[in-house]
Amino acid sequence: MRRLRRHADAGQAFPIYITVVGGLLFLAFAYLAVGQAAANRNGAQTAADAAALAVAQDSRDQLADMWTDSLLDPAAWQDIFDGLVTGLVPSCDRAHQLAAENEAHVLTCEPDGPLGFTVAVETDRTVGDSIVPGTENKRSKASATAVIEPRCGFDMPVGETDDKTLPALSCEGERWELDPEDEAGLPRPEDLFDVHLAD
């Protein structure tokens, strides 16, 4: 009698065991689907960040070139540092290049104020097959804004001065005495401007 009861108990436990194992497998596949989606979103954000930074860095280099070209005209410096100049062209080609390197493509690339640039991207890869219906064709989108910040300030000389006497630049604690005859000693783009992602 006891043997029959033990066999009956074992028979009742087997369906419960199957149900528990099936539930655990479902949860494992669900977590896998969530992980796939998160990885795809992270890839999109990485691509957007890289693309936005590339556009801002290229624009920083353009501003630095404008400052060098206007070296003998200190009255024009502040507008250059503030990005209030004509001829600054957002290099969205760089955004497309960096997005492609991160397996994504650019949806939009546009200025965000005089010294900011926003890029939106979409991943080339889909989330992939999972237990969640519709994910096999779903792509992730992300956007990022990169900004350029001037690192330097200066005081315009008062009164008449020699045309070759230029204001000194103070760039976050570093002082630059500028010599128009010494191009190699002039600040580099990264000395003049900082480029970073917006908070």
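Bear in mind that the values in this text are calculations on the coordinates, not laboratory data. Computed from a prediction, not measured in an experiment: that's the story for all the values here.
Amide H contacts of residue 194 (H built 1.01 Å from N, in plane; Pro and chain starts excluded): 149, 151 sit under 5 Å, all sequence-distant by 5 or more or on other chains. Residues in segment 70-84 carry Karplus couplings, in order, of 9, 3, 7, 10, x, 5, 8, 4, 4, 4, 5, 4, 8, x, 8 Hz; the curve used is 6.51 cos²θ - 1.76 cosθ + 1.60 with θ = phi - 60°, and Gly or Pro positions show x. Shown in residue order for segment 95-107 are the 3J(HN,Hα) couplings computed by the Karplus curve 6.51 cos²θ - 1.76 cosθ + 1.60 at θ = phi - 60°: 5, 4, 5, 5, 5, 4, 5, 10, 6, 8, 9, 7, 8 Hz (x for Gly and Pro).
With contacts taken as Cα pairs under 8 Å at a separation of at least 6 residues, segment 67-121 carries a relative contact order of 26 percent.
Under 5 Å from the amide H of residue 168 lie the amide H atoms of 155, each residue being 5 or more positions distant or on a separate chain, with H modelled from the backbone and absent for Pro and chain starts.
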